[in-house]
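The block underneath contains the structure these notes are about, expressed in structure tokens.
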Amino acid sequence: MKRLPEQPDRENRITFEIVVDAYDATERAMGWYCYLQDKLQVPFKAACQSARATSPLEVGTGVDVVGLASEDDCMSEVFVLVKYAKSELAVPLEQLACHAPDVQTGQAVADWHYWVARGYSY
């Protein structure tokens, strides 16, 4: 699989705003969690862009993202809460294409997608 080309502006934001002073996986996870908690304007619309064995969403399914999952749930990857049937379900943010109207939310989701696509991990 071909690695996504480096995007200097995004790399700088990630390095100096999101995971700044993070010395281990837990601190990087918390950096991402705090960044997304601050930047995501919920609710927002999204659509499933990839199938995951751990998620019931099918490619193309539209969802309403209503928040971040708990900090504990986001220690290995970022999960967001979506309305699903009559309840809320945590799904990987990586699985969703963001259709939010505001730039801040779109940029934050794109930052996470970039991080994952570059092969970075906590």
**Asked** When region 28-44 is examined, which residues are found to be surrounded by 14 or more Cβ atoms within 10 Å (Cβ to Cβ), in a helix (DSSP H, G or I) and either at pLDDT below 95 or not hydroxyl-bearing (S, T, Y) (or both)?
**Response** R28, A29, M30, G31, W32, L36, Q37, K39
**Asked** Within the group L40, L68, which residue is within 15 Å of E94 (Cβ to Cβ), in contact (Cβ under 8 Å) with a residue 60 or more places away in the chain and in contact with a Leu (Cβ under 8 Å, 6 or more places away or on another chain)?
**Response** L40
**Request:** Please work out which one of (1) among the aliphatic types (A, V, I, L, M); (2) within 19 Å of A22 (Cβ to Cβ); (3) crowded, with 19+ Cβ neighbours inside 10 Å is the condition M75 fails and give its number.
**Result:** (3)
**Message:** of a type outside the set (D, E, K, R), more than 18 Å from A117 (Cα to Cα), touching a Phe, Trp or Tyr at 6+ places or on another chain (Cβ under 9 Å) and not in a helix (DSSP H, G or I): is that true of A22 in this structure?
**Reply:** yes
**Prompt:** Assuming A47 fulfils every condition listed in (1) part of a loop (DSSP other than H, G, I, E, B); (2) small (G, A, S); (3) touching a residue at least 40 places away in the same chain (Cβ under 8 Å); (4) out of contact with any Phe, Trp or Tyr (no Cβ under 9 Å at 6 or more places or on another chain) apart from one, which condition is it?
**Reply:** (1)
**Message:** If I ask for residues that are in contact with a helix residue (DSSP H, G or I) (Cβ under 8 Å, 6 or more places away or on another chain), without any contact (Cβ under 8 Å) to a residue 12 or more places away in the chain and hydrophobic (A, V, I, L, M, F, W, C), which ones from region 12-37 would you list?
**Reply:** V20, A22
**Asked** Residues of region 5-19 being surrounded by fewer than 14 Cβ atoms within 10 Å (Cβ to Cβ) and either in a loop (DSSP other than H, G, I, E, B) or not charged (D, E, K, R) (or both), which ones?
**Response** P5, E6, P8, N12, T15, F16
**Message:** Of everything in region 61-119, what is hydrophobic (A, V, I, L, M, F, W, C), at pLDDT 95 or above and assigned to a loop (DSSP other than H, G, I, E, B)? Give them in sequence order.
**Reply:** A69, M75, V78
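The values are calculated or read from the model by the stated rules, or taken from the named source; none is laboratory data. None of these values were measured; they are calculated from a predicted model. Note that each Cβ is placed from the backbone with ideal geometry, even for glycine, and that neighbours are counted across all protein chains shown.
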